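The values are calculated or read from the model by the stated rules, or taken from the named source; none is laboratory data. All figures in this text were calculated on a predicted structure; none of them were measured in a lab. Here the Cβ positions follow ideal geometry from the backbone for every residue, glycine too, while neighbour counts run over all protein chains shown.
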């Protein structure tokens, strides 16, 4: 995947939403069902922040709190770090490094339409590198 590829071309559109009043246990259930490790937290349909598996471990479990008693809005990271759908993968990588984060949420016309993660960038880059090396033989 060239660094000039648009993030909208490689984004994951599987973005689970969890209401701010839900419990951490509810968020974990959603993560497992949807096979993702982060959920966007919303209130009245508007995105407020994100809860990741690391947030749950560091801000809930590690502190001895019960996931069934803690609300996701109490441990979410906010604000969401966004990038425009027309941005390039190179721009996304730079922003992730600059902000020291592992995922960016992609917006188009003011609405979250997907996300791109360090892992997806690495996977796609590796795929391109392997394709190039196979073609060179």
From the option list 29, 59, single residue qualifying as touching a helix residue (DSSP H, G or I) at 6+ places or on another chain (Cβ under 6 Å) and free of Cβ contacts under 8 Å to residues at least 24 places away in the same chain is 59
Within segment 55-77, how many residues are closer than 29 Å to residue 125 by Cα and not in a helix (DSSP H, G or I)?
1
Looking at (1) farther than 19 Å from residue 19 by Cα; (2) touching a helix residue (DSSP H, G or I) at 6+ places or on another chain (Cβ under 9 Å); (3) free of Cβ contacts under 8 Å to residues at least 40 places away in the same chain; (4) loosely packed, with under 15 Cβ neighbours inside 10 Å, which is the only condition residue 118 fails?
(4)
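Check 41, 83 and return the single one that is under 23 Å from residue 126 (Cα atoms), at pLDDT 95 or above, in contact with a helix residue (DSSP H, G or I) (Cβ under 7 Å, 6 or more places away or on another chain) and in a strand (DSSP E or B).
Details: 41 fails: under 23 Å from residue 126 (Cα atoms).
Just a single option satisfies the conditions, and that option is 83.
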If I ask for residues that are within 13 Å of the chain's Cα centre (by Cα) and either at pLDDT 95 or above or over 19 Å from residue 95 (Cβ atoms) (or both), which ones from segment 14-33 would you list?
14, 16, 17, 31
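Mind checking which residues of segment 1-21 are without any contact (Cβ under 8 Å) to a residue 60 or more places away in the chain and crowded, with 19+ Cβ neighbours inside 10 Å? Let's see the steps before the verdict.
Step one: of segment 1-21, the residues without any contact (Cβ under 8 Å) to a residue 60 or more places away in the chain are 9, 14, 16-21.
18 - this is the single residue of segment 1-21 that is without any contact (Cβ under 8 Å) to a residue 60 or more places away in the chain and crowded, with 19+ Cβ neighbours inside 10 Å.
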Of the numbered conditions (1) part of a helix (DSSP H, G or I); (2) under 19 Å from residue 103 (Cβ atoms), residue 26 satisfies every one except a single condition; which is it?
(2)
Tally of residues being out of contact with any helix residue (DSSP H, G or I) (no Cβ under 9 Å at 6 or more places or on another chain) and without any contact (Cβ under 8 Å) to a residue 24 or more places away in the chain across segment 98-115:
6
Residue 50 is checked against (1) farther than 15 Å from residue 114 by Cβ; (2) at pLDDT 95 or above and fails just one. What number does that condition carry?
(1)
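Which one is surrounded by the fewest Cβ atoms within 10 Å (Cβ to Cβ) among residues in segment 42-54 that are more than 15 Å from residue 105 (Cβ to Cβ) and in contact with a strand residue (DSSP E or B) (Cβ under 8 Å, 6 or more places away or on another chain)? Steps first, please.
We begin by selecting, within segment 42-54, every residue more than 15 Å from residue 105 (Cβ to Cβ); these are 43-45, 53-54.
Applying the additional criterion that residues be in contact with a strand residue (DSSP E or B) (Cβ under 8 Å, 6 or more places away or on another chain) yields 43, 53.
Working: 43: 12, 53: 14.
For segment 42-54, the residue satisfying everything is 43.
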